[in-house]
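Contents: one structure, followed by commentary.
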Amino acid sequence: MTTRKKYTKEFKLDAISLVLEQNYTRTEAAKNLGLNANVLGRWIKEHQNDDGQAFRGNGKLTPEQEEIRKLKAQVKRLEMEKDILKKATVFFAKETK
């Protein structure tokens, strides 16, 4: 099995600039860089759609993704607390009888 090649953010941005700023075709730029034209096309599309958040790297989340992660953790914690309180209510109700 072959491993996937990993490219730096700077490399990707330079490749994109060849197409967008220096008027190379996607195929020419990809061939010169040793890439598949579809990969370069995907990079260009991601760069244009992500408002500066493109190519963050592994594990780096957008602010929205980070907020969702925090909110999910908070929901999980609150549900645990609610379950503990329910069990405590049942326990103390039995004790008073």
| remark: Counted residues in the range 16-62 being at pLDDT 90 or above, within 16 Å of LYS5 (Cβ to Cβ) and in a loop (DSSP other than H, G, I, E, B) come to 3
| query | So which residues in the range 1-34 are surrounded by 14 or more Cβ atoms within 10 Å (Cβ to Cβ) and among the basic types (Lys, Arg), if there are any at all? | reply | LYS12, ARG26, LYS31
| message | I'd like to check something: does the range 65-84 contain any residue that is at pLDDT below 90 and of a type in the set (Lys, Arg)? | response | no
| query | Mind checking which pairs have a first residue in the range 69-85 that is without any contact (Cβ under 8 Å) to a residue 40 or more places away in the chain and surrounded by 10 or more Cβ atoms within 10 Å (Cβ to Cβ) and a second that is not in a helix (DSSP H, G or I) and not polar (S, T, N, Q), Cβ under 7 Å, 6 or more apart or different chains? | reply | ARG69/LEU61
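Within the range 1-15, can you find the residues that are part of a helix (DSSP H, G or I) and not aliphatic (A, V, I, L, M)? Spell out the reasoning first.
Of all residues in the range 1-15, those part of a helix (DSSP H, G or I) come to 9-15.
Of everything in the range 1-15, those that are part of a helix (DSSP H, G or I) and not aliphatic (A, V, I, L, M) turn out to be LYS9, GLU10, PHE11, LYS12, ASP14.
The values are calculated or read from the model by the stated rules, or taken from the named source; none is laboratory data. These numbers were taken from a predicted model, which means no experiment stands behind them. Quick reminder, even Gly has a Cβ in these numbers, built from the backbone with ideal geometry, and neighbours come from all protein chains shown.
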